[in-house]
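The values are calculated or read from the model by the stated rules, or taken from the named source; none is laboratory data. Model, not experiment: these values are computed from the prediction. Glycine gets a Cβ as well: all are built from the backbone with ideal geometry, and neighbour counts include every protein chain shown.
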Amino acid sequence: MPPIVVPQATLDRYKKVGTATVWSAVRYMGSPLCFMEDVVPMTPGKRLAARARTLRMLPPRPDLQAELGSGEHAPVYQAMDACRPGDVLVVDTMRMPYSTALGDVRLLQLQMQKADGLVTDGAIRDLAVVKEYGFAIFAQRRTPTAQEYGTPAQANVDIQCAGVLVRPGDVLAGDDDGIVVVPAAWAEEVIAWAEEHEEAEEYVKGKILAEKVSPGRYYPPTEATIKEMRAQKGRGG
């Protein structure tokens, strides 16, 4: 079965809704683990909605490093080379908070590929320089270290990142509240739910303020309230 490619038009819609709403939508669809705990924005104010390209790191050992080799064909460069506009590199560092294999020189490749971002459950090195590259960055923290905790071993395979499954092509939606993973097969359904849910929240806020009642009367929005909103907007049931 060919991979699902989420179109840019859909990604653009994700940039207009909050990550909290995306989380609610993914949970509503049935995926309990979709939020990357302890992965925080390193470039505050930059929103992210992009397709995942992945890099898996493994514990360092000389025999593994000898097999992987180095240079431009190493897994770290294969992973970045797969990134294009609308893509984000997602790095599995086994949740080791100071682990990274990426700093300002290597990450020039992401900049040249015009990728949208970098997400890692480890650390970011050389942040003062890398943040000038223009893409969104999410990580646990900053570090001066490089490859002491892990070796880049596999490119564009299924990974975990902060305990969440990430498959190449999945949508990563992020803002200053954090990062949520949306399975690619659900991308259209999730964004449609999120858009209507945010619209419904604005609708009930208006009712609460107009009637000067407790938010608990109308929040969270019920199916009846949503039908009422649709009818008022001429969209039917």
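Numbers at a glance
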read-out	value
Matching residues, the range 157-183, being surrounded by fewer than 19 Cβ atoms within 10 Å (Cβ to Cβ) and not polar (S, T, N, Q)	VAL157, ASP158, GLY163, LEU165, ARG167, ASP176, ASP177
Strands (runs of 3 or more DSSP E) completely within the range 123-237 that count 1 or more residues being polar (S, T, N, Q), under 30 Å from GLN65 (Cα atoms) and touching a residue at least 12 places away in the same chain (Cβ under 8 Å)	141-143, 151-155, 159-161
Pair list, Cβ under 8 Å, 6 or more apart: the range 55-82 residue under 20 Å from SER99 (Cβ atoms), other residue surrounded by fewer than 16 Cβ atoms within 10 Å (Cβ to Cβ) and among the small types (Gly, Ala, Ser)	TYR77/GLY71
Conditions (1) at pLDDT 95 or above; (2) out of contact with any Phe, Trp or Tyr (no Cβ under 6 Å at 6 or more places or on another chain); (3) over 30 Å from ARG230 (Cβ atoms): number failed by ILE179	(2)
Wholly enclosed helices (runs of 4 or more DSSP H) of the range 1-116 bearing at least 1 residues of a type in the set (S, T, N, Q) and within 16 Å of the chain's Cα centre (by Cα)	8-14, 19-29
